[in-house]
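Working notes, beginning with the structure itself.
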Amino acid sequence: MQFKFYPHTDKDTKDMLAKIGVKSLDGLYAQIPESIRLQKSYDIPKSKSEIEIRNLFTELGKQNEALTVFAGGGIYDHYTPSVVPYLVSRSEYLTSYTPYQAEISQGTLHYIFEYQSMMAELTGMDISNASMYDGATATAEAMMMANANAKKADTVLVSKTVDPKTISVVETYAKFHGVKVQMIEEKDGVTDKADMESKLSQGNVSGVVVQQPNYYGVIEDYQGYADSCHNNKALFIMNAVVADLAILKTPGEWGADIAVGDGQSLGLPMHYGGAYVGYLCCSEKLLRKMPGRIVGETKDSRGQRAFVLTMQAREQHIRRQKATSNICSNQSLMALSATIYMSLMGKEGLKEAAAMSYAGAHYLCDALVKSGKFSLKYNKPFFNEFCLTYNGNVDALQKKWLAKGFLGGIKIDEHTIMLAVTEKRTQEEIDRFVQLAMED
């Protein structure tokens with residue numbers, strides 16, 4: 001059967017099959033077991049008019065519940081100024097692609113340059129690349145950078161206080177690249193420094209990965225971590241919630257060699273799981289190990305300000321078998337969104353949003369603990385996310401909140417729940433959330 005939107009003619013198909021030595025399309029899929037092949041017709045509805053399609057998706061959309069979010073775990077319900085999606089939706093941005101012909105892509109190169117500048121300043125690092133897919137893959141790429149930098153060492157240490165989702169991606173990368181992953185034990189909700197130093201002393205470690213704030217929302221004290229890593233010829237890698245760095249000590253100030261994480265907290269909506277933007281910043285000495293590309297500023301032949309692709313790893317395109325990474329970039333649309341957000345908010349706006357999130361989380365925590373039904377699981381400083389021990393049924397409590405339109409945190413274990421607050425949560429919402437928790 002031929003379809004008018006398929007670009008290949010019958011002759012094209014026959015020529016391609018002949019080239020690879022297969023007689024028919026059925027033969028192309030002959031090695032796929034019958035047991036996993038679709039044994040029925042596609043469930044595709046009959047054609048519909050434009051208005052019927054719009055009505056269909058309107059009805060589907062009504063099935064979504066609009067909840068007031070008190071959950072985090074790496075993705076947070078931050079406010080997005082209305083001008084951000086308006087600007088990003090303009091055709092010159094929405095249809096943009098990787099600037100292979102850099103000289104005629106000045107607009108794209110300009111905003112990537114601004115993104116890099118802002119991310120380097122936020123993280124306190126020397127250099128930022130032109131963005132990654134998400135925070136988890138950026139962390140895995142940092143692990144690969146550490147492994148490539150060490151040359152002979154093939155082990156990376158990862159704290160158990162790092163987000164389990166990120167750890168899973170790191171382990172997947174490691175499995176197929178011959179990297180060994182060892183976990184650093186946690187102690188009272190924070191990284192066990194003694195265990196890290198013990199594992200470092202055994203040698204063969206290329207990097208150490210930690211998180212700030214950690215998965216439980218705790219602000220960890222990483223004093224001396226960088227020195228311990230460097231004394232053992234390992235890189236110090238810090239995954240951080242980037243919006244929190246408007247107030248918190250930056251990875252650069254902690255002495256990190258690589259700063260990574262997700263940029264979702266920079267005004268990107270929760271999006272049912274994506275698309276997001278990962279950031280990767282590092283010290284200048286690691287410039288040649290960094291995946292992706294870097295945009296720089298220069299002057300053209302007329303002396304006017306211009307932007308160019310300063311660096312992109314040649315191996316990613318030509319000698320792929322020798323590449324440290326083949327990830328390139330995420331094509332930067334989400335990076336553009338984050339850049340517009342940071343430009344609109346400014347330094348003071350970012351600080352104010354972070355301070356509001358911090359204040360709201362501590363207000364909620366204090367109110368729940370005061371009720372007598374909760375206690376703080378880790379007696380450690382936290383930012384906008386925290387873990388509580390509940391003296392009741394966590395599942396029943398979350399169902400109660402859900403019935404009243406609240407997404408009530410993340411269940412960590414049988415008696416532990418993790419809650420998050422952002423600048424979007426009002427005092428009235430928090431008070432109502434607490435009131436429901438106190439009701440029998």
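Taking H as built 1.01 Å from N, whose amide H comes closer than 5 Å to the amide H of MET183, not counting residues under 5 places away?
VAL158
Amide H neighbours of LEU407 under 5 Å, counting only residues 5+ apart in sequence or on other chains, H built in-plane at 1.01 Å?
THR68, VAL69, PHE70
What are the ³J(HN,Hα) values, in whole Hz, obtained from phi via the Karplus relation 6.51 cos²θ - 1.76 cosθ + 1.60 with θ = phi - 60°, for each residue of segment 32-44 in sequence order, with x given for Gly and Pro?
Whole-Hz 3J(HN,Hα) from phi for segment 32-44: 7, x, 4, 5, 10, 7, 5, 9, 9, 6, 5, 8, 10.
What fraction, in whole percent, of alpha-carbon pairs in segment 82-341 exceed 36 Å separation?
12 percent
Got the relative contact order for the chain handy, in percent, Cα pairs under 8 Å and 6 or more residues apart?
This gives 20 percent for the chain.
Based only on Cα atoms, what mean projected area does the convex hull of the chain have, in nm²?
Spelled out: convex hull of the Cα atoms, projected over all directions, averaged, 28.1 nm².
At q = 0.21, 0.23, 0.25 Å⁻¹, what log₁₀ I(q)/I(0) does segment 10-51 have when each alpha carbon counts as one equal point scatterer in the Debye sum?
The computed values of log10 I(q)/I(0) come out as -0.78, -0.82, -0.86.
Using amide H atoms built 1.01 Å from N in the peptide plane, name the residues 5+ places from PHE386, or on other chains, whose amide H lies under 5 Å from its own.
LEU419
Any idea how far the Cα center of segment 47-98 sits from the one of segment 217-248, in Å?
Taking the Cα centre of segment 217-248 as reference, the centre of segment 47-98 is 35 Å away.
Counting helices only, and only those DSSP H runs with n ≥ 4, report the 222 nm mean residue ellipticity of the chain as the sum of -39,500 (n - 2.57) divided by its residues, in deg cm²/dmol to the nearest 500.
-11500 deg cm²/dmol
Express the carbon and sulfur contribution to the solvent-accessible surface of segment 65-202 as a percent, rounded to the nearest whole number, probe 1.4 angstrom.
Carbon with sulfur: 52 percent of the solvent-accessible area.
Once R0 is set to 25 Å, what does the formula 1/(1 + (r/R0)^6) return for the Cβ-Cβ distance between GLN39 and GLU59, expressed as a FRET efficiency to the nearest 0.05?
0.25
For segment 142-184, compute the orientation-averaged projected area of the C-alpha convex hull (one quarter of its surface), in nm².
Average of the hull's projected areas for segment 142-184 equals 2.7 nm².
So if we plug the beta-carbon distance of SER168 and ASP300 into 1/(1 + (r/R0)^6) with R0 = 56 Å, what FRET efficiency do we get, rounded to 0.05?
0.75
Give me the accessible area per residue for segment 10-51, probe 1.4 Å, as a whole number in Å².
On a per-residue basis, segment 10-51 sits at 103 Å².
Could you tell me which residue out of HIS8, ALA66, ILE53 lies farthest along the dipole of segment 1-67 toward its positive end? Charges go on the beta carbon: Lys and Arg +1, Asp and Glu -1, centred on the Cα centre.
After comparing all options, I get HIS8.
The values are calculated or read from the model by the stated rules, or taken from the named source; none is laboratory data. All values reported here derive from a predicted model rather than from experimental measurement. All Cβ positions, glycine included, derive from the backbone under ideal geometry; neighbour counts span all protein chains shown. Remember, those area values only see protein heavy atoms, side chains included, never the ligands or the DNA or RNA. Shrake-Rupley method; radii C 1.70, N 1.55, O 1.52, S 1.80 Å.
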